[in-house]
Amino acid sequence: MSQTVNVTQAATREIAGPLLELTDVTTHFRTPRGMVRAVDGVSFTLDRGQSLGIVGESGSGKTILSRSIMGLLPTRGTERGGSIKFAGREVGNLGRKQMRTIWGKEMAMIFQDPMTSLNPLMKIGAQISEPLRIHLGMSHADAAATARRLLQDVRIPEPDRRLEQYPHELSGGMRQRVMIAIAMACGPTALFADEPTTALDVTVQAQILDLLGEQRRDRNMSLVLVTHDLGVVAGHTDEIAVMYGGKLVEKAPTRRLFAAMKMPYTEALLASIPKMADPSHTRLSVIGGRPPDLVHPPIGCRFAPRCPYAREKCQSDEPPLIATDDDPSHTFACWYPVGSPEYHESRERNAAKKVEAA
Amino acid sequence: MTATIEAPVVEMPADAPPPKDSLRKRLHIPRFSVLFSVLWLVGLTTLTLLANYAPSVVQSIMYPYSTKIRANGKAAKYLAPNAQNWFGTGKSAEDIFSHCIYGAKVTLIIGVGATLVGLIVGGFIGIVSGYFRGWTDRISSIFTDCLLSIPPLLLALILILRLDDLKDVYSWLSWCTRTWQITLTLGLVAVAPFARIVRAQTLTLREREFVMAARSLGANRSRIIFRELLPNLVPAMLTVAFTGLGILIAAEAGLAFLGLGVESPHTWGKMIDIARDDIDKAWWATVFPCLMLFLTVLSFNLLGDELARRFDIREASV
């Protein structure tokens, strides 16, 4: 690759501290119904080369959060707050013009639907080499050669032929590979993948996730994987953040989250995954009720109306995000976390009162 | 989990033979309407170009513009169609067929010119207001709404008469001949519908994921407009342009009929205007120019429909 890449990468990679630091990030939308609190006070940090999975059901604010970090939200009717630091620099309040120097080169994004995220009227080769020529000032020949190498990197057979094809000539998995190649063209330090596998079938899904993990290691890139599927993040990210109703409710290293979750919502999410060991036709356990209304979110814990362990305190006071006693990297927001004595007690009490969640 | 599952036996219906493509499809012959429109327009354009720029080639079927047909030693006014004068002759003993072909040049120039003016100006307004939205959109929408609220023929009438006056007063307007006046006014009439359709398309396109993907890779404004939006707008613009062409040609004929035509050569509208009083004794002098107009407008409309079908655009009305 040309020298410019090395310069920009070195510049962002040598600064000490986490790559991405979010402090109390809020994103609200003004609508005729009232203020929608899509993201409401999210804080976390992400180190260089680490990967983070953001999980949550539809409407939990995970996509809006990733777009807030990227600065890809419409400006009209949006109110943003808090601080987003990227490589030691505040990017939360940068304008379009300044963001343009960051987009592609330092942060890149892969979208959910590979069918619609490629320009239908441009050849694959042109779509990959365009950012190379704009951002890195490569010549046509250099860019074409790099595009070819990128296609090889994302395991596309016959790259020379593909460069000359249009998006409609490729399959969904192939197009998502092309999207990954485009996103990685300028060597970003952080890659946001917004449900990159939702539109693909399961076998292709695994290949794409493996490819993303591999590229992350090879390029020492940070990866944020946004998904509603815990199975997707399970084997592919270092840490998992669970979002509910616009808030971060639990964040832990992947293994720890699956083994010792604290938040009843995480527990319920995990319980709703079908297990191989179950006999067939076992009913899946579902989370009753519906996601909270983000215009008028519940007072107290937002999960309380659906939580089988909720008590009076949950409905009046909002639990803060605190670290567990034994692991500072495991944080959660719950008054009666899974496994605590009060948790068991409240479950029995609710069962006795026949209080069904929601 | 040892129970064996027996698949129920389902009678599969015998495979129906695959529907056979018609001979026309297998030979890749376009449908009749398309074939007809293309042949008609290509034929008309070739004939009129030859008649105007290489008259010797078409000498055998056409007369020079100012020729008066003579029969029995005097000017043959209103001669019925015959082997020499296919469409008959007109009021001043001119050959109707030749005049139809000469007139086609002006008609086509005005039609294409006005469509281009509408497409460029309207397309620009549409893209700008659709892409930037906000107050830019509001102001340009007010402008296009104003244009749409005035009856188009009335607007053209007033503008052409006004331009006539202005041309007499200001010498720098002398380039603005009648052909230019009609082209510009009809172009202005076409601006509003074009702007509306392009704006609507831009509004939907700008929210598509590939535009956001380009933005997330750091593409700047002009890049997004010219590389992402404009190429994707071409199908819609092309379709509307073809439908609009037909309408503008008819509008030009309407203006000529009302007496605001090009003086020489006479366009179809003007020919109809001249001959209509004598339609009782010489139907051919009116009917044949009408037929030319009808078939030309029909051809453009059919082509517009075909393009819309190919590009899958819902009825875009002008």
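Here is how the numbers come out for the structure above:
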quantity	calculated
With at most 10 neighbouring Cβ atoms within 10 Å, loop trypsin sites (Lys or Arg not before Pro) (DSSP) excluded, longest segment of chain B	B:21-280
Cα radius of gyration and Dmax for the stretch B:183-318 (Å)	20.4, 73
Residues of type lysines that B:LYS68 reaches as a straight line, Cα spacing below 20 Å, ignoring anything fewer than 8 places off in the same chain	B:LYS77, B:LYS91, B:LYS270, B:LYS281
Estimated vicinal HN-Hα couplings, Hz - the stretch A:54-68 in sequence order (Karplus 6.51, -1.76, 1.60; Gly, Pro = x)	10, 10, x, 7, 4, x, 8, x, 5, 5, 4, 4, 5, 6, 5
Members of A:LYS313/A:LYS353; A:LYS62/A:LYS313; A:LYS62/A:LYS247 lying beyond 19 Å, as alpha-carbon distances in this model show	A:LYS62/A:LYS313
Relative contact order of the stretch A:37-142, pairs being alpha-carbon contacts under 8 Å that are 6 or more residues apart, as %	17 percent
Chain B: relative contact order as a whole-number percent, Cα under 8 Å and 6+ apart	22 percent
For A:113-121, mean number of other protein chain Cβ atoms within 10 Å	5
Share of Cα-Cα pairs in the stretch B:149-239 lying beyond 20 Å, as whole percent	55 percent
Per residue convex hull volume, Cα atoms of the stretch A:291-354, in Å³	96 Å³
222 nm mean residue ellipticity, helices alone, for the protein assembly as shown (DSSP H n ≥ 4; -39,500 (n - 2.57); rounded to 500)	-15500 deg cm²/dmol
Estimated Rh, the stretch A:180-228: Kirkwood, alpha-carbon pairs, angstrom	11.1 Å
Whole-number D in µm² s⁻¹ for the stretch A:81-186, Kirkwood Cα-pair radius fed into Stokes-Einstein, 37 °C, 0.692 mPa s	224 µm²/s
Relative contact order [Cα under 8 Å, 6+ residues apart], chain A, whole percent	19 percent
Partner chain coverage, peptide B:224-233 - average Cβ within 10 angstrom	2
Calculated log₁₀ intensity ratio I(q)/I(0) where the Debye formula runs over C-alpha points of chain B, q = 0.07, 0.11 Å⁻¹	-0.41, -0.83
Tail weight of P(r) past 25 Å, computed on alpha-carbon pairs of the stretch A:10-159, percent	42 percent
Distribution of pairwise C-alpha distances over the stretch B:62-166, 5 Å bins, in %	2, 10, 12, 13, 11, 9, 10, 9, 7, 6, 5, 4, 2, 1, 0
Choice from B:ASP145, B:ASP168, B:ASP273 showing the highest fluctuation, given a GNM over chain B with Cα pairs closer than 10 Å	B:ASP168
Average beta-carbon neighbours from other chains, 10 Å sphere, peptide B:205-213	6
Long-range HN-HN contacts of A:ILE240 with modeled amide H, under 5 Å	A:GLY53, A:ALA252, A:THR254
Calculated from backbone phi, Karplus (6.51, -1.76, 1.60) coupling profile of the stretch B:228-243 in Hz, x at Gly/Pro	9, 7, 4, x, 6, 8, 4, x, 4, 5, 5, 4, 5, 4, 5, 5
Computed log₁₀ I(q)/I(0) - Debye formula, equal Cα scatterers, no solvent, chain A, q 0.06, 0.10 Å⁻¹	-0.24, -0.66
Greater than 30 Å apart at Cα, pairs in A:LYS97/A:LYS251; A:LYS251/A:LYS275; A:LYS123/B:LYS20	A:LYS97/A:LYS251; A:LYS123/B:LYS20
Exposed-loop-free span, longest in chain A, where trypsin sites (Lys or Arg not before Pro) count as exposed if DSSP calls them loop and at most 11 other C-beta atoms lie within 10 Å	A:77-274
Fewest-first ranking of A:GLU345, B:GLU228, using other Cβ atoms within 10 Å as the exposure measure	A:GLU345, B:GLU228
Cα convex hull of the stretch A:125-231, projected area averaged across orientations, nm²	6.6 nm²
Derived scalar couplings ³J(HN,Hα) [the stretch B:166-176; Karplus, 6.51 cos²θ - 1.76 cosθ + 1.60; whole Hz; x for Gly, Pro]	4, 4, 5, 7, 9, 6, 6, 9, 5, 5, 7
Under 5 Å, built H, 5+ apart or other chain: amide partners of A:ILE110	A:PHE192, A:ALA193, A:ASP194
Residues whose placed amide H lies under 5 Å from that of B:ALA71, excluding near-sequence neighbours	B:ALA76
The stretch A:30-107: C-alpha pair distances exceeding 20 Å, %	36 percent
Rg/Rh for the protein assembly as shown, where both radii come from Cα atoms and Rh is the Kirkwood radius	1.13
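Bear in mind these aren't lab numbers, they're just calculated from the coordinates by the rules spelled out. Given the structure is predicted, the values throughout are model-derived calculations rather than measurements. FYI the Cβ positions are ideal-geometry reconstructions off the backbone, even for glycines, and counts take in every protein chain you see.
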